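What follows is a set of notes on a single structure, which appears directly below.
The values are calculated or read from the model by the stated rules, or taken from the named source; none is laboratory data. Remember, predicted model here, so these are calculated numbers, not experimental data. Here the Cβ positions follow ideal geometry from the backbone for every residue, glycine too, while neighbour counts run over all protein chains shown. When the accessible area is computed, the model is the full protein with side chains, heavy atoms only, and any ligands, DNA or RNA have been set aside. Shrake-Rupley method; radii C 1.70, N 1.55, O 1.52, S 1.80 Å.
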Amino acid sequence: DYTRLHATMLDGADKLRMRLHATMLDGANTRARNEYLRKGAERQPDYDSSSWARTALSLSVKRRALASYAYPLAFVNLTCIVWTVLHETATLSRSTTEMQSLDGAYSLTFSAMGFLLVFRLSRAAVRWWDCRASFGAITAGVRDFVDVFLIYTDGSRGQETARSGAADDACAWACAFVVASKAFLRGEKDGPARDELMGILSDEDRLAMSRASHPPLYALSMCRRCVRRAFCGTSSSSVEAGRRDAATAVEEASVRSELNKQCEFLALQVGALERLRSTKIPEVYVIHLRTFLLLYLMSMPFVFVNRWGWGTIPAVGAVSFALLGIEGAATECEIPFKPDHINHLKMDAYIMGCFANVSSILEWNSDRANGERRGDLLRADVVEETKIDVKNSESSS
């Protein structure tokens, strides 16, 4: 019973803490974490890319990111409707609205603008993928850090030691690093919620991390301190106190170097995400593109109303929706960290997967700390004979 075990955590002046695999894998804690993260993941549902009906015919405002270009779309089409109505109801003379001589210049402008739009969208897509790759590297790096730390602290010992305590702390702070990175990138000032780190960090540790100027680096700094505590203190070998076996010292130095490299790798990934979040595409490019895009769409009804008549309204509506939609998609994907945008990174779902992997590693470590095999190996012919005997016994019965 988790409540009963939790009551034994304090014993006089010594803190006897439960192992992380007991608190993190606890059913109630796991349900609390998954429920909180699942609510976030549900706001960013996945889609079936193989279905044309659900993509090409989608009417979802959020999936099409209509909010990012709704105002210019409405302005262009309102102008088109007003001008077309005035023209077709003979309110304006035909000579006043005659601008068909601009057709040639219009074609040249469309070619140049098409190139700008394609480049804009492609750069936004590359930025989106860079963000996804960096956050994926964070989750993968945390899994590796946890696995390596546990192997070299619990592997040959398997009992409660100072190194085991450092391993638990390091694994907990590594999990907190992932959650803190998500909150930091999304600009959540209050930091991670309690339920996100249930069974991983206490409220005291969670609040200390949230109040730091840079919560992800705070968690990563704690990980480095755990590395120092585990591999720079007294040796856990059976050598007399104060003396260290040379082979053990070399092994510890190698492990310490590997774990510090993994911490550096995680720091680089969160730094890359910070850079992508704070650096947009150069303003001059966006200004130039949007200026000529609006001019092009705004002038369409004036140029083509004599040729298309009432058909100008649906024609301009379709063209403006297509072109402004490309610019809107680029804007939507450029900095993909908001929790309520469907097209942004599904970080809650990624963290759920990361926590599931870490929980599995903790479970494997407590069950088979040394990776030993169990059970007897059988020859193939013995297995076949066993199958035949079983079939014969079943048929006779």
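Apart from one condition, R275 fits all of (1) touching a residue at least 12 places away in the same chain (Cβ under 8 Å); (2) closer than 18 Å to I138 by Cβ; the exception is (1).
Taking S320, is it closer than 30 Å to R143 by Cβ and of a type in the set (S, T, Y)? Break it down stepwise before answering.
On the way: closer than 30 Å to R143 by Cβ: no; of a type in the set (S, T, Y): yes.
The answer is no for S320.
Looking at F355, F337, F304, just one residue is in a loop (DSSP other than H, G, I, E, B) and open to solvent by less than 30 Å² (accessible area, probe 1.4 Å), and that residue is F337. Among the residues of the stretch 56-86, those that are among the hydroxyl-bearing types (S, T, Y), within 14 Å of A329 (Cβ to Cβ) and surrounded by 14 or more Cβ atoms within 10 Å (Cβ to Cβ) comprise S68, Y69. Quick check on my filter: what residues within the stretch 286-309 are more than 15 Å from F110 (Cα to Cα), among the hydrophobic types (A, V, I, L, M, F, W, C) and at pLDDT below 90? Those that are more than 15 Å from F110 (Cα to Cα), among the hydrophobic types (A, V, I, L, M, F, W, C) and at pLDDT below 90: F302, V305, W308.
For first residues located in the stretch 257-268 and closer than 16 Å to A230 by Cα, partners that are basic (K, R) and lie 6+ apart or on another chain with Cβ distances below 9 Å form the pairs L259/R224; N260/R224; C263/R224.
Among residues of the stretch 73-86 being in contact with a Leu (Cβ under 6 Å, 6 or more places away or on another chain) and touching a residue at least 60 places away in the same chain (Cβ under 8 Å), the one that is farthest from A322 (Cα to Cα) is V76.
For the stretch 315-334, enumerate the residues that are touching a His at 6+ places or on another chain (Cβ under 9 Å) and open to solvent by 40 Å² or more (accessible area, probe 1.4 Å). Selection gives nothing. Could you please find all residues in the stretch 1-43 being modelled with pLDDT of 90 or more, under 19 Å from S366 (Cβ atoms) and among the hydroxyl-bearing types (S, T, Y)? Hits for the stretch 1-43 are T23, T30.
Can you find, within the stretch 79-122, the residue that is nearest to K280 (Cα to Cα) among those that are of a type in the set (D, E, K, R) and modelled with pLDDT under 90? Write out each step before concluding.
Pass one, the stretch 79-122, residues of a type in the set (D, E, K, R): 88, 94, 98, 103, 120.
Filter again for modelled with pLDDT under 90, leaving 88, 94, 98, 103.
Values: E88: 44, R94: 46, E98: 41, D103: 35 Å.
Result: D103.
Here S210 clears all of (1) at pLDDT 90 or above; (2) small (G, A, S); (3) in contact with a Ser or Thr (Cβ under 9 Å, 6 or more places away or on another chain) except the condition numbered (3). All told, Y296 falls short of being of a type in the set (S, T, Y), surrounded by fewer than 16 Cβ atoms within 10 Å (Cβ to Cβ) and not in a loop (DSSP other than H, G, I, E, B).
Does Y47 satisfy the criteria of being more than 23 Å from the chain's Cα centre (by Cα), under 19 Å from C333 (Cα atoms) and aromatic (F, W, Y)? Considered against the rule, which asks whether it is more than 23 Å from the chain's Cα centre (by Cα), under 19 Å from C333 (Cα atoms) and aromatic (F, W, Y), Y47 comes out as no. The test for being at pLDDT below 85 and open to solvent by 50 Å² or more (accessible area, probe 1.4 Å) holds for T234. If T312 meets every condition in (1) open to solvent by less than 50 Å² (accessible area, probe 1.4 Å); (2) part of a helix (DSSP H, G or I); (3) at pLDDT 95 or above apart from one, which number is that one? Status for T312: all satisfied but (3). Scanning the stretch 211-218 turns up one or more residues that are over 17 Å from Y36 (Cβ atoms), open to solvent by less than 30 Å² (accessible area, probe 1.4 Å) and assigned to a helix (DSSP H, G or I).
In the stretch 128-147, the qualifying residues are those that are touching a residue at least 12 places away in the same chain (Cβ under 8 Å) and open to solvent by 30 Å² or more (accessible area, probe 1.4 Å), and the one that is nearest to F177 (Cα to Cα) is R143. Is one or more of the residues making up the stretch 274-284 more than 30 Å from T79 (Cα to Cα), in a helix (DSSP H, G or I) and open to solvent by less than 70 Å² (accessible area, probe 1.4 Å)? The answer is yes, given that some residue of the stretch 274-284 is more than 30 Å from T79 (Cα to Cα), in a helix (DSSP H, G or I) and open to solvent by less than 70 Å² (accessible area, probe 1.4 Å).
Cβ separations smaller than 7 Å between residues 6+ apart or across chains give the following pairs from the stretch 201-222 residues that are closer than 22 Å to G141 by Cβ to residues that are open to solvent by 60 Å² or more (accessible area, probe 1.4 Å) and modelled with pLDDT of 95 or more: M209/Y218; A212/Y218.
Residues in the stretch 361-383 that are part of a helix (DSSP H, G or I), open to solvent by 100 Å² or more (accessible area, probe 1.4 Å) and modelled with pLDDT under 80: none.
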